[in-house]
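Here is the structure we will look at, set down as structure tokens.
The values are calculated or read from the model by the stated rules, or taken from the named source; none is laboratory data. These numbers come from a predicted model, not from an experiment. Here the Cβ is made from the backbone with ideal geometry for all residues, glycine too, and neighbour counts use every protein chain on show. Surface areas here come from the heavy atoms of the whole protein model, side chains and all, with no ligands, DNA or RNA. Shrake-Rupley method; radii C 1.70, N 1.55, O 1.52, S 1.80 Å.
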Amino acid sequence: MTRIAVLISGFGSNLQAIIDAVAAGQLPGVEIAVVVSNRKAAFGLQRAQQAGIPTEYRPLKPYRDTGRSREEYDADLATLLCEHYQVEWVVQAGWMHLFSMAFLRHFHNRVINLHPALPGMFPGTQSIEQAWEACRRGKIDGTGVMIHLVPDEAVDEGPVVAQQKVPIYPEDTLQALEARVHDTEHYLLVRALHDLLCAGL
Ligand code: GRF
């Protein structure tokens, strides 16, 4: 089995897409070993618990409060995933923390990130809102979703594993666009994981 960790910070709809895909046999040989959140209130933790998947709540604040660095947080989390859970791949699905090399060096290009925009567009947070505003200003007529490897500390860059355009329609509310983007994320993330982890099975 290929053991993956899914890292979340919020609602966890992308985590749910992976859980459902594994349960439906769409990701043969893949096992979610653990779900990690840096926010205790993340609903995704409940989704994992309901699916019988081990969860870890790992806030950064105790490190900051005791003068420990972000790199120490990253190194400790990597050690937990590798040694306690034997994790081979890390999936950042709405994970709102930028990893340093203190984490990434443990996974040798086996960390993937989901970003709700096309390569080179709207890095960081609020990407869907930024695309919606840019469309209203006539700058773009569509946005998209990408999944990329995270080899280093660059934000929302790295080799693209999968990407999909998402149209924006004139009558779109922001909520309608968000729903369309999230639907695309759910599909694309499972397809990317299948291409990366199940090809040839
Ligand atoms: C997704 O749009 C993800 O790309 C972004 O935050 C959202 C997470 O959604 N980083 P969910 O928690 O998977 O529902």
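Got a number for carbon plus sulfur as a percent of the chain's accessible area, 1.4 Å probe?
51 percent
How about region 52-129: which trypsin sites (Lys or Arg not before Pro) there lie in a loop by DSSP and see at most 14 other Cβ atoms within 10 Å?
When the trypsin sites (Lys or Arg not before Pro) of region 52-129 are filtered for loop state and at most 14 Cβ neighbours within 10 Å, Arg68, Arg105 remain.
For region 30-125, what class follows from the C-alpha gyration tensor (a ≥ b ≥ c being the square roots of its eigenvalues): rounded when a/c is under 1.5, otherwise prolate if a/b is larger than b/c, else oblate?
Details: a/c = 1.21, a/b = 1.02, b/c = 1.19.
Rounded, since a/c falls under 1.5.
Could you tell me the calculated FRET efficiency between Glu153 and Gln49, based on Cβ-Cβ distance and R0 = 25 angstrom, to the nearest 0.05? Let's see the in-between values first.
Numbers: r = 31 Å, r/R0 = 1.25.
Using R0 = 25 Å, I get an efficiency of 0.20.
Take every Cα pair under 8 Å in the chain that's 6+ residues apart, average their separations, divide by the length, and report that relative contact order as a whole percent. Intermediate results must be reported in sequence, preceding the final value.
Values: 378 pairs, mean separation 42.5, N = 201.
21 percent.
Note down the relative contact order for region 86-156 as a percent, whole number, built from C-alpha pairs under 8 angstrom at least six residues apart. Can you show the working numbers first?
Values: 92 pairs, mean separation 28.2, N = 71.
This gives 40 percent for region 86-156.
Between Ala199 and Leu174, how high is the FRET efficiency from 1/(1 + (r/R0)^6) when r is the Cβ-Cβ distance and R₀ = 35 Å? Nearest 0.05.
Using R0 = 35 Å, I get an efficiency of 0.45.
May I ask for the net charge around Leu77, where only other residues with Cβ less than 10 Å from the Cβ of Leu77 are counted and Lys, Arg are +1 while Asp, Glu are -1?
Spelling it out: positives minus negatives among the neighbours equals -3.
Can you give the helix-only mean residue ellipticity at 222 nm for the chain, where every DSSP H stretch with n ≥ 4 adds -39500 (n - 2.57) and the sum goes over all residues, rounded to the nearest 500 deg cm²/dmol?
-10500 deg cm²/dmol
Taking amide H atoms as placed 1.01 Å from N in the peptide plane, list the residues 5 or more away in sequence, or in a different chain, whose amide H sits under 5 Å from that of Val161.
When sequence neighbours closer than 5 places are left aside, the close amide H contacts are Ile147, His148, Leu149.
Using 18 Å as the cut-off for backbone N distance, which residues of region 9-27 belong to the label zone defined by a point 7 Å from the Cα of Ala41 along Cα→Cβ?
Label zone hits: 9-13.
Amide H neighbours of Val36 under 5 Å, counting only residues 5+ apart in sequence or on other chains, H built in-plane at 1.01 Å?
Val6, Leu7, Ile8, Glu56
Apply the Karplus parameterisation 6.51 cos²θ - 1.76 cosθ + 1.60, with θ equal to phi minus 60°, to every residue of region 146-151 and state each ³J(HN,Hα) to the nearest whole Hz, in sequence, with x for glycine and proline.
In residue order, the calculated couplings are 9, 10, 9, 6, 10, x Hz.
Using 0.36 nm per residue of separation minus the Cα-Cα distance, give me the extension gain between Arg70 and Cys82 in nm, one decimal.
Length gained, Arg70 through Cys82: 2.5 nm.
Compute the accessible area per residue over the chain, keeping the other protein chains in place, probe 1.4 Å, unit Å².
About 48 Å² of surface per residue is accessible.
What net charge is computed for the residues neighbouring Glu185, neighbours being all others with C-beta under 12 Å from the C-beta of Glu185, Lys and Arg scored +1, Asp and Glu -1?
Values: positive: Arg180, Arg191; negative: Glu178, Asp183.
Neighbour charge sum, excluding Glu185 itself: 0.
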